[in-house]
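Only one structure is covered here, and it is reproduced in the block below.
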Amino acid sequence: MKIAATYENGRIFQHFGHTEQFKIYETADGAVTKEMVVNTCGSGHGALAGFLKANGVEALICGGIGGGAQIALAEAGIKLYAGVAGSADEAVQALLSGTLAFDPAAKCNHHEHHHDHGHECGSHGCHEHHDCGHHH
């Protein structure tokens, strides 16, 4: 199984949509067999899910994540472990051993009112650029 984590300086980066790197772990039999850090080249929220899918990733560990990105990941068939902080390597080990503490409701915005129509990804979903605030 391939697991990715939003990555910055060894730690889990807290804003999925702004992450500049993922660390991708290839695992087998509960152990990491290969790891590599990949640059996203500034892909936006919607593109990041496609980027992960293109790399064969099956699970993502991250901090905060917007509703549009959650939908995009779900549509790409990627299992999401959000609300995780600290060492990326340790989080992956915890996931493999079944001890990872994560928060399925972790978001970096307040889009709760989208829940009733979260299955359609038209006007509100995949191109929100206001999710986690802007870089200044």
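Points worth noting:
- Sorted peptide list for 21-28, 74-81, 56-63, criterion being average Cβ within 10 angstrom, highest first: 56-63, 21-28, 74-81
- Lys79 versus Ser97: modelled label distance in nm, points set 7 Å from Cα along the beta carbon direction: 1.8
- Only Lys, Arg, Asp and Glu carry charge here, each on its Cβ (+1 for the first two, -1 for the last two); on that basis region 1-41 has a dipole of about 20 debye about its Cα centre.
- Expected-Rg normalisation [2.2 N^0.38 Å, Cα atoms] applied to region 1-41: 1.17
- In a simple Cβ point-charge model (Lys, Arg +1; Asp, Glu -1; nothing else charged), region 1-110 has a dipole of about 180 debye relative to its Cα centre.
Each value in this text was obtained by applying a stated rule to the coordinates, not by laboratory testing. In this text the structure is predicted, and so the values were computed from the model without any measurement. Glycine gets a Cβ as well: all are built from the backbone with ideal geometry, and neighbour counts include every protein chain shown.
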